[in-house]
Every structure is written in structure tokens, then in C-alpha cells.
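Here's the structure we're looking at; comments come further down.
The values are calculated or read from the model by the stated rules, or taken from the named source; none is laboratory data. Predicted model only: the values in this text are computed from it and were never measured. A quick note on method: Cβ atoms are made from the backbone with ideal geometry, for glycine too, and the neighbour counts reach across all protein chains shown. Note: accessible area is taken over every heavy atom of the protein model, side chains too, but ligands, DNA and RNA are not part of it. Shrake-Rupley method; radii C 1.70, N 1.55, O 1.52, S 1.80 Å.
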Amino acid sequence: MKSLKRNVCFLLVLMAILSLTACTAKTETTAGVDKPVTESGTAATGGVGDHDQNIVMALQYDMGSFDTNVRWANEDFPVYFLIYARLFEYDENTSAIPGLAEEVNVISDTETQIKIHQGAKFSDGSEITSKDVAASVMYAVESGLAGEMLDQIQKIDCIDDYTLSIKTASAYPQLKLALADPLTSIVPASFLEEAKTNPDLWSNPICSGRYTVMERVVGSSVTLVPNEYWYDEATAAQNDSITFKIVPEASTRTIMVQTGEADICDGFSAADIESAKADPNVAIHSIASARYFYIFMNCQDEVFSNKLVRQALNYAVDRDAALMVQEEGRGQVMYDYVAPCCMGYVENPGNYSYNPEKAKELLAEAGYADGFSFDLTCDASFGSLAALIQGELAEIGVTVNVVTVEQMVDIIPLVAQDQCDAAVVAWSGPPDDALSTPCCLAEAAIGANNFARYTNAELEKLWANSYLQDDAARVNAYHEWENILCDDCPWIPLYVNEQRSLANADLKNVEMCCIMPYNLYKLTY
Amino acid sequence: MWKFVVKRLLLTIPIIIAVIFVVFTLLHFAPGDITMQLLGTKWTPEAAETLRHELGIDQPFMTQFINYIKGIVQGNFGISYISRESVTNMLAVSMPNTIYILITSVVLSIVISIPIGILAALKPNSVFSGITTAFSLIGVSAPSFWIGLLLILLLSLRLKWLPASGLESFSALIMPSVVMSLSHLAALSRTTRSSMIESLRMDYIRTARAKGVKKKDIVLKHALRNALMPTVSLVGFIIGEMIGGATVVETIFGISGMGRLLVESVNKRDINVVLGCVTMMAICVAVISIVTDVAFAYLDPRIKAQYVSGGKSNG
């Protein structure tokens, strides 16, 4: 008995020592941010690790394939942006800025001529011509993966070796944005032709971007080195190499940056923020992301077909609490139907707020004074959010049954088969409202992205006439339909989360855009 | 003896085919759809059907299974639906990493637990026995991901002794191996201890002591060999368990191993990769089982004689 007691005491002391040695400080929540923010340690004495120019970035997910049109997935883009050129590139709001395109001439509403830089070369030394660009863009159009972004492109003609003529089905002021899409990455036309019968060629892609692939170990790492044939010295790679290491565990990625094993990481967890702030060797970089979280309501359902019910639920949900529960308060609450980085965004077009009393009034007006019940579907990562909403809606007499699916994509067939009352989903749409809301809410998208099965004839007309060349006129058009949407409420917009990255404090030129750390070619010590 | 080994190898083939069939069936009928992963929000029933035809997964179940077995016989595990890489290449990259961790974990477990078991058997109620019991209990009770993260915080961040991730150097192998071996140290050392105690009570040990044989020789030459039988059996079982259980360690330490590849592929419904991983794991477990049996034969001549005679008893 004595030895048992001794063993137990020893065990407890040992566990206590282990925990105290390794545990971090208590976390505090902080307010959201809506522009790039860098937070450094209190006594910034500089980063750790040997500061060579071989940049190591720890990523959560591995990329899929170098084939640009196998799937549309954010995991592929950090590499695509570096190894492939495109006619246009993204700025921090994912708006389009010139890339390989040197000159743009709008010939008519349906024809745009683009002249590319002369002398630009692929990594094998061959010149990039209009034929390669045309083949690459049409490859993306034909794959259908970019959907509405590239659907408008009908035909591309090569006027000469460096000039293309792009014809669209109708006026398409978002053409530059479409040509910045990573799926339009430029590869040699001959390579595309050969790869049709020999897909293995994609393992060793011919690159048009600032980098070329030195090595890829699937599931482990991708190493890129500067492309000696990059055409513009001013925008060439400023480091000697970039290695992406795949490390699924967030805490391990954080520690890798803190120890100097990695120079920067993505997917920096909110749980590690306080420990990172206390470390003078690292800096946190953040920006409101384009990832938009919302609840859609099936507008063809008997209860949700009533606009007043949908409006009531918009007043019944506390978005600040939702942001706190899911993202520890880091991000931005949403009332609009596009993300803050999107053209046309307005903070709160419908003047909604958390107002349970107003919600009850609207429900009573709709004939549901006694409440009703519905199923709310979500994946396991939204368990806390679903529980919060369940509690908030219970206060106004609405019973929520939470249905959990394994992954968010499992909701898609439920919606396609009209078996979903409402669900929590996320969306990272194009940064232009004309491409974003019709994609999610047009009648033609029912069974696809229009999860809410929403229809509005007035909006359909407005969308059809929204392709205005003048930016200011377009924004006014966007505001008009956002007002309609906020009145109709097919969704309960919740929040956008934060795009966060942790980097070595000495690392220069860390830039964030709303989808990922980007312009990695500028990273240097 | 070789006949026995060859016979066991041949018997393994139908077992592995049966394992593949079970897993293939489960994956085929499990909910979830690879087309959703590939098409994402572009998923429509029509696009999904086109993609299924392209991938060959719209064919009847048995046709798909037979085609898969034919491919394996030719060494072709198919192509990953997500990365479009050859599954054979993916396994060739990930399997060695898992094996490195496995070997070092097993060696570490054996090197630590057997001496501890022996000493604990020789001094059953001592302080040493209590301390080892306590450590063993920590190892078996604490979750491996928790121990892994604590070790990273302590040894990588605070002390900067070891790298936090990867397998680029031998030092990177230390923490993953320690984490994987900790949970099995308790079982191995306790098994060794109890079988040593039993062995030391046997009459032939008393005779050896009476004859004046040194204590070291009694323990190491006479008692240990008999006491190792249950331990060897347990090591074989543990290796099989470690092959599947390496996922957590590989995820925490950012190691591209077979366990992590398997779990990620299950999440993405990448059927070919899942089947490839399961097939390789089944083969590894079968081989380990044969090696364990051979080890028994080496340790106990009576068992070797049984194998040689084909299981017929003498007399």
C-alpha cells in the first residue's frame, strides 16, 4: 500500500512538472481587424535562425497537382502563383493588376486585345507567345472549374506572336480579374497538347513564373528556385529558393517559426497568438480574409419561403458572439452579401443588429408567434457555433435540430436533392460582386452554388445589366442589389475570419492578401 | 525451416486479398464522394457523372475490384485522384519514413523495456521498480499527441536541442520515436518482468545456482531466453499496432509517412491511395508475423522442431 501511494504521488508530481515546463500563457481575445496588421513581440530584438535567403514556409495542406486544371483548391495557389505567370496578378484585395499583360485595349464590349511582354520565356528557355497564352486560358475555360469567372470567354485569336484578341459573350468588365485566376496559369501550348495523352508530364512542369520546380516530395515538401528566364528584373525573385514544408499541426508550425526551422507559416492558430506576441523573434501578420461564413435558408421550404421569417432570424443571431465562439473574436462580423475585400462591399446595407425582440415581432407578423423547428446542418468544426445559434433561436421560440456531417462538401448533395432546411457554409468568392452574388444566388445556380434555392426576377434583370465598364456605375449597381438581398435575406451572413501568418521578425516584405500570404518572391532578409 | 517460411508466405496471399476486398467494399459503399472533393462548389450531378466515368469509378463493383487486383499484381496501385501522382510513387516516398520511425521506436522500446523488466524482476519491491512502474503508467496513459507537443515545446522551443519537425537528420528521429515507444514501454517491461519472475522460479535455475553458476549467467543465459517468448510475441503485436498508429506522431511532427497519408486520403475519399496504404500495411503485418514465428523458432528449439516436422508431435 505504501509503495502504491508513493508511486501515485511521484506520478502526479512528474505530470505537474511536465505541464508547467511546457504550458503557454492564458489567451485573451482581441478585436478583429480589417486591414493588414503586423504585431511584433514587446522587445523586438530580431528573429532566430540562420538568415540565409532560402525561405522555408510551413503550410497546413499539400498542393494537389501541377496540372492547373485538375481541381480548384486554395492549397495549390501558393505554388501556382510562383511557378506560373498569368496575364494579370492579384493585389492585396485580389483585384487584378498587370502581370504578363503589357497593354490592354478594349476594342468593343465583347472584344479586348491584350499585348504581352516580349522576351518573356519559359523555364526551358523557349519564348512565351500569344499561342501559349491562348492555349492556357482556353484550357481553363474548357475545364469548367472556374465556372462563371471564365464562362464569358468565347474565343481567343492570336493576332501576332505577342497580341491576343479575347472575345466574350457579352460586355465583361471583370475580364482582367478572370485572367488573374490561377487556373489561367500559362504553360507551353505544346506541353498542354502532349500532356493530354501523357498526364505524367505534369510532374515536371515547364514554368512561366518567377520560379521553377526543383523538387517535390508528395505530402512532404515542394522546393522552388528562381527562374533564370524571368522577363522582368525589377520583379524577379528576391530570395534564393522557397521551400514549402507540409506540417498539418498548427502548433508545430508555430514552433517551427519560433525556433527558426521555418521562416513563415500559414494557418496560424488563434490559440497561439498570445505566446507569439510574447516572443520577440516573431511577428504576426493578419488581414480580414475573403472567407465568408454564413447560414443559408432553403427559400423553397414552407417556413423559410416567408421573407419575414428570414428577416427575423437575421435579427435573432448575435454575430459578435458567433465570431467569438468560432474565431476567438478575430475577424469581422458581416451583414453584407460579399466579403469586405470585394468590390461593392457595404458594411450593413440592411441596418441589421442583434435584436431578439424585433425578431419575435417579425415572427409574430409572419404567423409564427409560437415558433417553429428546423434542421441546421453543419460539419463538426461548427459544433460550437451551431450550439450558440440553437440557444439564441430558442429565445425567440425557434427550435433548431443540429445535423452534423463529416465535411462541408457533404452538404452539397443534400442541397442538390432538396434535403436541407438550412446549413452553415463558407464561401471564398471572386472579389467582384457581379461574379460573386449571381454565382451563389441566381436561379440558374439552384442545385449548384445557390444552396438557398433563392429566386428573384428583379435581381436577375439587374445582374444581367450589371456588366458596366465604368467602375463607379458598377458599384452603384452592386449596392442596389445588395439592398434587395438584405431585405430578402436568403442568408444569415455571419462573419469573415482572419487570414493570419506568423513570420520571423527579421523577414522583410511579408505581404498578406485576403486569401493567403502572397508575393512570396519578395521575401528576403 | 525454409519450407515453413515459404508455406506461411503463400498462405499470406489470400489473407491480403481478403483484407483488400474488405477495405475496397467498405470504401465503395461508404458515404462521401471523391467528385465533391475535386469539383467542390462546381459539383452538379452531371459534372459528377462525367468525372466518375473519367476516373473509372462508374463501373460495376466487381469489375473495379478485379481491375485493381490485376494492377497490384503488376505493381501498379493506380493514380491518386487528388494529386494525379502514381500511388506506387507516393508509397515509395512515405513508407520509408514510417519504417524509420517504426524501427527506432521498436529498438528503443526493446532496449529500454527488457533491461527494466529484468531489473524489476530481480528487485520486485524496490524503489527502482516503483519509479519504472510510474514512468510506464505515464507512457500508457498520456495521449501521444499531448506528449509529442510537450516534447516539442520543451526540447525544440525552450532548449533548442532538437528540430520540431521533419526527418532530415537523425536528431529529428528522436522525439517521434520516443513518443511512439512510450505507450508500449509499460506493456513490454511488465511482460518481461512477470515472465522473468516465473522463469527465475523454475527448478533448472535453482540447480544452476546450486552448481555455483554466476548470477549474471543465470539471468542472461538461462532465464532470459525462456522469459523472452511472451515478449517477442508482444513485440510482433506492437509493431503491427505501430504501423497503423503512426498517424498521430506523423501529423504532430510533420512527417510524410504512411499513417498520415492514409488518414488524409480517407478524408479526401482518395480511394486508390487508401487501398495502397492498407495493402502495404497488411503485407507488413503479415511479414512481421512470419518474422515473429521465426524468432520463436530461434529462441525455442522445441518450436523449431515442430515447424520442421510440420506440426506433428514426437512419440
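Taking helices (runs of 4 or more DSSP H) that fall entirely within region B:249-309, which contain at least 1 residues that are away from every other protein chain (no Cβ under 14 Å)?
Filter on region B:249-309 gives B:271-299, B:301-308.
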- request: Looking at (1) assigned to a helix (DSSP H, G or I); (2) surrounded by fewer than 17 Cβ atoms within 10 Å (Cβ to Cβ); (3) acidic (D, E), find the lone condition where A:D132 falls short.
  value: (2)
query: When you scan region B:140-196, how many residues do you find that are within 11 Å of another protein chain (Cβ to nearest Cβ), open to solvent by less than 30 Å² (accessible area, probe 1.4 Å), at negative phi and not hydrophobic (A, V, I, L, M, F, W, C)?
result: 3
query: Taking A:T223, is it free of Cβ contacts under 8 Å to residues at least 40 places away in the same chain, within 14 Å of chain B (Cβ to nearest Cβ) and either touching a strand residue (DSSP E or B) at 6+ places or on another chain (Cβ under 9 Å) or part of a strand (DSSP E or B) (or both)?
result: yes
- prompt: Which residue out of A:L145, A:L164 is in contact with a helix residue (DSSP H, G or I) (Cβ under 7 Å, 6 or more places away or on another chain) and in a strand (DSSP E or B)?
  reply: A:L164
- request: Quick one: in region A:210-220, of everything that is more than 14 Å from chain B (Cβ to nearest Cβ) and within 16 Å of A:M57 (Cα to Cα), which residue is least open to solvent (accessible area, probe 1.4 Å)?
  value: A:Y211
message: Residues that are assigned to a helix (DSSP H, G or I) and open to solvent by less than 50 Å² (accessible area, probe 1.4 Å): does region A:363-381 have at least one?
response: yes
- prompt: How many of the residues in region A:399-412 are open to solvent by less than 30 Å² (accessible area, probe 1.4 Å) and not in a helix (DSSP H, G or I)?
  reply: 2
message: Looking for something of a type in the set (D, E) and assigned to a loop (DSSP other than H, G, I, E, B) - is there at least one such residue anywhere in region A:231-240?
response: yes
- request: Give region B:79-94 a look and list any residue that's more than 7 Å from chain A (Cβ to nearest Cβ), open to solvent by less than 30 Å² (accessible area, probe 1.4 Å) and part of a helix (DSSP H, G or I), or say none.
  value: B:V87, B:L91
message: The conditions are (1) out of contact with any strand residue (DSSP E or B) (no Cβ under 7 Å at 6 or more places or on another chain); (2) open to solvent by less than 40 Å² (accessible area, probe 1.4 Å); (3) under 27 Å from A:F122 (Cβ atoms); (4) not basic (K, R), and A:E233 fails exactly one of them. Which is it?
response: (2)
field: Near pairs, Cβ below 8 angstrom, 6+ apart or cross-chain, from region A:138-151 (within 11 Å of chain B (Cβ to nearest Cβ)) to any residue that is basic (K, R)
entry: A:G144/B:K42; A:L145/A:R71; A:L145/B:K42; A:G147/B:K42
- request: For region A:147-175, name all the residues that are surrounded by fewer than 17 Cβ atoms within 10 Å (Cβ to Cβ) and closer than 20 Å to A:C207 by Cα.
  value: A:D161
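Which of the residues belonging to region A:437-496 are of a type outside the set (S, T, N, Q), in a loop (DSSP other than H, G, I, E, B) and either crowded, with 21+ Cβ neighbours inside 10 Å or in contact with a His (Cβ under 6 Å, 6 or more places away or on another chain) (or both)?
Scanning region A:437-496 gives A:A448, A:F451, A:A452, A:R453, A:Y454, A:C489, A:P490.
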- request: Within region B:98-138, count every residue that is open to solvent by 30 Å² or more (accessible area, probe 1.4 Å), within 14 Å of another protein chain (Cβ to nearest Cβ) and either closer than 30 Å to A:M63 by Cβ or of a type in the set (D, E) (or both).
  value: 1
task: Check off (1) farther than 17 Å from A:D336 by Cα; (2) of a type outside the set (D, E); (3) assigned to a strand (DSSP E or B); (4) open to solvent by less than 10 Å² (accessible area, probe 1.4 Å) for A:V415 and give me the number that stays unchecked.
output: (3)
task: Filter region A:231-250 for residues that are free of Cβ contacts under 8 Å to residues at least 40 places away in the same chain and more than 11 Å from A:A58 (Cα to Cα) and give the result.
output: A:E233, A:A234
field: A:G144 vs. criteria surrounded by fewer than 18 Cβ atoms within 10 Å (Cβ to Cβ) and at positive phi
entry: yes
